[in-house]
Amino acid sequence: MRAIFHVDLDAFYSSIEQRDRPELRGKPVVVGGDPDARGVVATASYEARRFGIQSAMPCRTARRLCPDAIFVTPGFDVYRAVSSQLRELFRELTEIIEPISLDEAFLDVSTLARDQGEYETVARRLKERIRDETDLTASIGVAANKLVAKVASDFRKPDGLTVVPAGREREFLAPLPVRRLFGIGPRSEERLAAAGLHRVAQLAAADSGWLVSRFGQVGLEWQRLARGIDDRPVEPDRELKQISRELTFPRDLGEREDLLRVLSELVRDLIPALRDAPPGRTLTLKMRYADWTTVTRRRTPGTVVTERILAELAPRLFGECWNERPLRLMGLGISNFVTSPEGQPALFEFGDM
Ligand code: TTP
Ligand code: MG
């Protein structure tokens with residue numbers, strides 16, 4: 001069973017502007033182009049949305065809807081910096097991150113929890129981490145697939161958290177209009193409406209033969225979405241940043257012997273991947289304590305990490321930084337790959353695991 005988070009920050013650009021310029025807080029703020037020069041709205045604060053202002057609308061229209069709106073030009077450098085901060089926070093949880101835009105990403109967190117109920121806690125924690133580190137609010141949807149996670153993150157915006165338990169996908173989507181299905185655009189929506197299908201429930205229950213005769217094979221794809229079925233994987237950025245293995249224990253482990261045993265299993269699991277990847281120079285040990293505090297410790301031994309170095313260095317790093325409290329997870333990763341044929345190390349730095 002997969003577990004996917006869809007994380008989406010609330011009114012991203014305008015929340016950052018309101019954060020950084022206190023005089024804008026509580027006010028209708030429109031981030032975008034110049035209302036006198038055919039600019040369009042990138043986003044609007046929730047105060048401005050109450051007047052009907054939306055993304056992609058001409059700024060001139062926005063000003064007509066709300067003459068008191070304050071127009072702000074976007075500061076992309078800050079938005080990008082926040083986006084990388086978010087990425088680091090996501091990486092505290094998983095390496096399987098598919099960014100959709102600066103403020104939106106899918107995370108595959110399938111290996112993270114011991115039972116389904118725990119994912120809600122993990123998501124709540126991530127929201128807190130985001131608030132603490134960036135002073136911004138995020139909405140998170142949690143589900144067994146991307147489609148449902150995406151709809152769920154939008155369900156109680158802003159500052160929302162919606163968990164759709166496995167098996168309840170179809171029921172959750174049923175009352176929504178078909179355009180809310182990620183994969184059904186405005187044109188498809190029109191075609192469905194012309195056939196009398198407005199709500200997801202209608203599409204889910206339609207006769208499949210009739211759907212094919214009316215729309216062709218795509219009708220069946222739409223119906224799968226309407227039934228909450230979606231196998232698309234979370235696809236991380238292509239660039240290989242790290243090879244890693246990690247393990248969440250069935251129960252917390254506090255004995256050194258047990259932890260060293262787990263560590264040697266991780267080493268053993270990592271070796272085949274090590275053979276397939278380019279040589280890496282940095283070894284990272286990750287430990288998550290029972291209270292979810294997460295510690296990473298990395299070492300760059302001055303030569304590439306060979307199997308032998310891996311086997312020696314992993315327990316040494318562990319000995320140096322474990323504080324004897326019980327752990328719930330341990331992970332090992334190799335990064336900082338030597339990429340050029342001359343054996344020059346890569347020029348970029350790698351973040352946390
Ligand atoms: P969204 O996540 O779609 O919007 P949002 O974060 O402003 O609001 P919310 O998620 O709470 O509904 O887009 C993220 C940012 O991308 C947004 O702040 C501005 C930018 N953007 C545009 O520049 N043009 C657009 O048409 C859209 C939709 C977004
Ligand atoms: Mg957003």
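Taken together, the values in this text are just the output of simple stated rules run on the coordinates, not laboratory data. Because the structure is predicted, anything quoted here is derived from the model rather than measured. In this analysis, Cβ positions are derived from the backbone assuming ideal geometry, glycine residues included, and neighbour counts consider all displayed protein chains.
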(request) Report, in debye and to the nearest 20, how large the dipole of the chain comes out about its Cα centre when Lys and Arg carry +1 and Asp and Glu carry -1 on their Cβ. (result) 740 debye
(request) Provide V142, V40, V72 in ascending order of the number of other Cβ atoms located within 10 Å of each residue's Cβ, fewest first. (result) V40, V72, V142
(request) Determine, for C59, C66, the number of other Cβ atoms within 10 Å of each Cβ, and report the residues in order from fewest to most. (result) C66, C59
(request) Run the dipole for segment 13-76 about the Cα centre, Lys and Arg Cβ at +1, Asp and Glu Cβ at -1, nothing else charged, and hand back the magnitude in debye, nearest 20. (result) 180 debye
(request) Mind putting together the pair-distance distribution for segment 107-204? All Cα pairs, 5 Å bins, whole percent per bin, short to long. (result) 3, 13, 20, 21, 15, 12, 8, 5, 2, 0
(request) Count the net charge of all other residues whose Cβ sits under 10 Å from the Cβ of R224, scoring Lys and Arg as +1 and Asp and Glu as -1. (result) -2
(request) Report the label-to-label distance for D115 and R80 in nanometres (one decimal), using points 7 Å from each Cα along the Cα→Cβ vector. (result) 4.6 nm
(request) Set the Förster radius R0 to 25 Å, insert the Cβ-Cβ distance between D154 and T300 as r into 1/(1 + (r/R0)^6), and round the FRET efficiency to 0.05. (result) 0.05
(request) Note the angle between two axes, namely the Cα long axis of helix 76-91 and the longest principal axis of the Cα atoms of the chain, as a number of degrees from 0 to 90, rounded to the nearest 10. (result) 50 degrees
(message) Just to confirm a number: summing +1 for Lys and Arg and -1 for Asp and Glu over residues other than I53 whose beta-carbon lies under 11 angstrom from that of I53, what do you get?
(response) +3
(request) Compute the length gained on full extension between R232 and R214: take 0.36 nm times their separation in residues and subtract their Cα-Cα distance, giving the result in nm to one decimal. (result) 3.9 nm
(message) What does the net charge come to around C66 if you take all other residues with beta carbon closer than 13 Å to its beta carbon, with K and R at +1 and D and E at -1?
(response) +4
(request) State, as an integer percentage, the relative contact order of segment 206-347 based on alpha-carbon contacts under 8 Å between residues 6 or more apart. (result) 31 percent
(message) Using a 10 Å cut-off around each Cβ, can you sort F76, F318 from fewest to most neighbouring Cβ atoms?
(response) F76, F318
(request) Determine the relative contact order of the chain: mean sequence separation of Cα pairs under 8 Å and six or more apart, normalised by residue count, in whole percent. (result) 14 percent
(request) Mind checking which of Y289, M330, L310 is farthest towards the positive end of segment 242-339's charge dipole, using Cβ charges of +1 (Lys, Arg) and -1 (Asp, Glu) about the Cα centre? (result) L310
(message) Apply the Karplus curve 6.51 cos²θ - 1.76 cosθ + 1.60, θ = phi - 60°, to the phi angles in segment 38-45 and return the couplings in whole Hz, x for Gly and Pro.
(response) 6, x, 10, 6, 7, 7, 10, 5
